[in-house]
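Everything below concerns the one structure shown next.
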């Protein structure tokens, strides 16, 4: 199997991740740290009775529209992440939209376990079903992480610059998003990075959606945070998901928000923890049924492929079963 020179770096990263996954002690330590941080967050919220009482009062009569929008934003993040990876993976094989979104939903659910088993399962699927080598899958994962880091850094730099020149409110939030959009624009202008421009633009939309989630989570508690603060918290939360050892940044996200929200918006730490716990609960509300449905659909498809393949050539369904006809690449359409 030939590997393009550009894949050598990601190949080394993939080997390190694979080696790391075999260290049981590291998996156990990461799990304990994440659960411990989450438990500490819950304990602090419970210990602050007044904060808990105020939160309960606010959540007793929530705005149905805000709840629906929060759940829709979680779903939007799943769809956008699927489109990001599809944009990166289609250079190496035919991956459909619904197929990639299902893989992201399933892997996100499985990634609650440390060392992200969903990630490795996704790589195995691409190899078995899409004919994409693990090295190319690893390259796409590294590229996605690099795009995320660049977009997060640009967004935060834009917010800092906007604050320095005296912007506030919507103008400050627009400065942050505008700076983040410089990443796909720059990628499109530089030939080696041009294939990443689409994924970078989708990543900016993903960060904006995360910002809406943070804003809504605080709003459900009756706390209004500026849009720029919501974006900053979203960027910081997303940065924690880049750490490979903690499944879905369990516990880390809550404490990053709890440490930053008091400084950025004068919010009580317990209230910030409560808001992020609401965000986490909304995520589980969507991801649990969606992830289980995706796991079931992908497993059933894989079994059908195996049974039909045994029946003879031409009988086996392919991954295109999950792909609408208009979603296939023209050069690979049946």
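The values are calculated or read from the model by the stated rules, or taken from the named source; none is laboratory data. Note that the structure is predicted; figures quoted are calculated from it, not measured. Positions of Cβ are backbone-derived with ideal geometry, glycine not excepted, and every protein chain shown enters the neighbour counts.
Worth a mention:
- Number of positions in segment 136-162 that are more than 21 Å from the chain's Cα centre (by Cα) and in contact (Cβ under 8 Å) with a residue 40 or more places away in the chain: 2
- Subset of segment 237-251 (residues that are touching a residue at least 24 places away in the same chain (Cβ under 8 Å), assigned to a helix (DSSP H, G or I) and surrounded by fewer than 20 Cβ atoms within 10 Å (Cβ to Cβ)): 239
Yes or no, residue by residue, for (1) out of contact with any helix residue (DSSP H, G or I) (no Cβ under 8 Å at 6 or more places or on another chain); (2) surrounded by fewer than 18 Cβ atoms within 10 Å (Cβ to Cβ); (3) in a helix (DSSP H, G or I):
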residue	(1), (2), (3)
224	no, yes, no
231	no, no, yes
235	no, no, yes
253	no, no, yes
262	no, yes, yes
273	no, no, yes
276	no, no, yes
287	no, no, yes
292	no, yes, yes
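- Scanning segment 114-121 finds no residues that are surrounded by 20 or more Cβ atoms within 10 Å (Cβ to Cβ), free of Cβ contacts under 8 Å to residues at least 60 places away in the same chain and over 30 Å from residue 302 (Cα atoms).
- Residues of segment 62-79 that turn out to be more than 14 Å from residue 285 (Cα to Cα), surrounded by fewer than 15 Cβ atoms within 10 Å (Cβ to Cβ) and without any contact (Cβ under 8 Å) to a residue 40 or more places away in the chain, as a count: 2
- Filter pass, residue 256 being under 20 Å from the mean Cα position of the chain (by Cα), free of Cβ contacts under 8 Å to residues at least 24 places away in the same chain and under 19 Å from residue 176 (Cβ atoms): yes
- Counting only helices (runs of 4 or more DSSP H) that fall entirely inside segment 42-126 and contain at least 1 residues that are at pLDDT below 85 and either over 19 Å from residue 241 (Cα atoms) or out of contact with any helix residue (DSSP H, G or I) (no Cβ under 8 Å at 6 or more places or on another chain) (or both), the qualifying elements are 49-60.
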